[in-house]
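Report on the following structure.
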Amino acid sequence: MLFTCTPPGTPYPGRFPGASHARGKWFTVDIHCHVHFTPADDMVKPFWNPERDATMKWANDRTRRIQREQMERTHSQLTSEEKRLADMDVMGIDVQAICPAPVQMFYWTEPDLGLATARVVNDNIAEIVGRHPDRFVGMGTIPFQAPELAIQELERITKQHGFRGIEISSNVDGTDFSDPKFRPIFQKIEELGVLMFMHPSGFTEGRRFGNHYFSNVIGIPLESTIAVHHLIFGGVLDAYPKLKLVIAHGGGYLPAYSGRIDHAASARPDTCECIKEDPTVYLKRLHFDTMVFTHHQLEYLVQQYGPDHVLMGTDYPYDMGMIDPIGFVETSPGLNDTQRRQIFGGNAARLLDIKIPAHLHR
């Protein structure tokens with residue numbers, strides 16, 4: 001349904017809360033949702049310029065205006081626990097695994113500032129979780145641009161705050177995760193058993209993406225696609241086989257076109273210098289959220305990668321989000337209730353060590 005044709009009084013796609021669902025039928029965990037902490041913005045304000053916002057860097061004026069309107073509209077949802085809880089209750093969401101707004105992974109800052117901003121963002125998430133431990137679990141951020149400080153903050157948030165996950169972007173200020181300098185971070189992440197949720201902060205090479213919000217529509221899933229290729233072909237997933245990684249937006253474009261990477265590895269010796277298995281062997285270790293919008297794509301992910309590798313996500317509260325994740329999974333004709341139960345919350349509970357209420361543990 002086109003935006004301009006939406007009948008008066010009908011909720012727009014991407015405007016939370018969405019369709020109403022009573023809690024209690026399923027145990028539901030939203031793996032893909034964001035909070036924003038304004039004081040962190042204030043800390044980087046002296047060093048920030050519009051070029052730092054990769055999502056808007058290439059966008060035309062109309063897209064930038066609509067983006068500003070969206071941020072004004074969603075401010076209370078990003079910052080108010082009361083509004084967030086009310087929306088979750090309407091939508092039937094039991095638990096949110098809250099992580100920073102993508103723009104608040106400040107990888108572009110100097111190391112000390114990167115650590116300082118990560119600390120205040122993480123402490124804010126910890127406070128929210130502490131006030132509502134039955135409704136939220138925390139996924140923090142670490143300053144990847146400074147590996148020693150990133151490991152320091154990772155150890156702090158796991159030991160002090162009990163975080164079981166972190167959000168990561170798709171690159172570190174233009175440097176791919178396959179760069180050897182990041183290996184100690186991944187080693188520590190694997191050692192601690194921390195879940196990583198990959199969510200791009202924007203597309204780095206968007207000169208052709210200025211119109212039609214292509215910076216997000218194409219750019220965000222393409223960023224994930226590129227990042228996962230680097231993790232596979234750069235040998236990160238080979239070196240650290242126990243990494244737990246959820247890729248936002250259904251994994252980007254790679255899961256649906258994965259045959260090409262195996263063909264490349266069999267045809268080109270320059271593609272497989274850092275890996276020992278077919279590339280799809282590593283791809284099948286990953287997890288994906290349900291942000292794919294069509295039943296056939298959701299069912300493809302389940303069939304190809306397993307129902308234990310798909311997790312429910314909304315992208316709350318942004319307009320590119322999915323406002324009826326429960327209805328989407330419930331009405332997918334190719335799924336059975338056992339698979340739905342895994343997708344709704346069972347997989348997230350396993351990966352994030354969330355206790356499922358006894359009456360829903362079936």
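Figures for the structure shown
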read-out: Residue count for the stretch 155-176, restricted to those that are under 18 Å from ALA239 (Cβ atoms) and in contact with a helix residue (DSSP H, G or I) (Cβ under 6 Å, 6 or more places away or on another chain); value: 1
read-out: Per-region count, the stretch 33-51, residues in contact with a Phe, Trp or Tyr (Cβ under 6 Å, 6 or more places away or on another chain) and closer than 18 Å to GLY174 by Cα; value: 0
read-out: Residue in the stretch 343-362 that is modelled with the highest pLDDT, counting only those that are in contact with a helix residue (DSSP H, G or I) (Cβ under 7 Å, 6 or more places away or on another chain) and surrounded by fewer than 23 Cβ atoms within 10 Å (Cβ to Cβ); value: ASN347
read-out: Considering residues of the stretch 127-163 that are among the charged types (D, E, K, R) and assigned to a helix (DSSP H, G or I) only, the residue nearest to PHE106 (Cα to Cα); value: GLU153
read-out: Residue match in the stretch 212-225 (condition: part of a loop (DSSP other than H, G, I, E, B), surrounded by fewer than 22 Cβ atoms within 10 Å (Cβ to Cβ), in contact with a Gly (Cβ under 8 Å, 6 or more places away or on another chain) and in contact (Cβ under 8 Å) with a residue 24 or more places away in the chain); value: no
read-out: Residue match in the stretch 181-191 (condition: touching a helix residue (DSSP H, G or I) at 6+ places or on another chain (Cβ under 8 Å), outside any helix (DSSP H, G or I) and at negative phi); value: no
read-out: Yes/no for ASP176 being among the acidic types (Asp, Glu) and over 30 Å from PHE344 (Cβ atoms); value: yes
read-out: From GLU127, GLU167, residue being modelled with pLDDT of 95 or more and in contact with a strand residue (DSSP E or B) (Cβ under 6 Å, 6 or more places away or on another chain); value: GLU167
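The values are calculated or read from the model by the stated rules, or taken from the named source; none is laboratory data. On a predicted model such as this, the values are computed, not experimentally measured, just so you know. Backbone-built Cβ (ideal geometry, glycine too); neighbour counts: all protein chains shown.
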